[in-house]
Amino acid sequence: MESPAFTGQAFYDRLGEQTLTGSKCQSCGELYVPPRPMCGNCFGQEMALEEMNGTGKLIAFTTVHIAPTAMIEAGYDRNKPYCAGIVRLTEGPAISAQILGVDPTVPDQIQIGMSVQATFIERTQGETTGVFLAFEAKE
């Protein structure tokens, strides 16, 4: 049986299928998102793909007014900031992503601990189109 690919490209390919995937250590049970080929907890190398349900809580955020090139190409700038955050998934791992459904011009209304749901954004960077992870605030 062929081992699953634990590469950045494989992670983004799965995002293209609208699937948030991590890896689970078969020795100690530690979960990682994005997937990795070796456990940072016990250094085990028997990892299995694990699909995440995509729900979680916002544990940190910032509003970005001076965007990197990819986000400028997506339409963000000093006059149209965006929110980037770290989400603690229901399964345990934390991952960073864009946070949608909030007003980045009023950051004091964005709440740590708010519930979020994974969503997938198709975005063009240069001549390449890809799917990227984001989280939408739940009401």
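Some observations on this one:
- Among the chymotrypsin sites (Phe, Trp or Tyr not before Pro) found in the stretch 36-139, those both in a DSSP coil and sparsely packed, with 16 or fewer other Cβ atoms within 10 Å of their Cβ, are Phe43.
- The chain, accessible surface, carbon-and-sulfur percent (1.4 angstrom probe): 47 percent
- For the stretch 1-80, the list of trypsin sites (Lys or Arg not before Pro) that fall in a loop by DSSP and count at most 16 other C-beta atoms within 10 angstrom reads Arg78.
- Per residue, the stretch 44-139 exposes an accessible area of 57 Å² to a 1.4 Å probe, with every protein chain left in place.
The values are calculated or read from the model by the stated rules, or taken from the named source; none is laboratory data. If you're wondering where the values come from, they're calculated on a predicted model, not measured in any experiment. Reconstructed Cβ throughout: ideal geometry from the backbone, glycine too, with neighbour counts over all protein chains shown. Just so you know, the surface numbers come from the protein's heavy atoms only, side chains and all, with ligands and any DNA or RNA stripped out. Shrake-Rupley method; radii C 1.70, N 1.55, O 1.52, S 1.80 Å.
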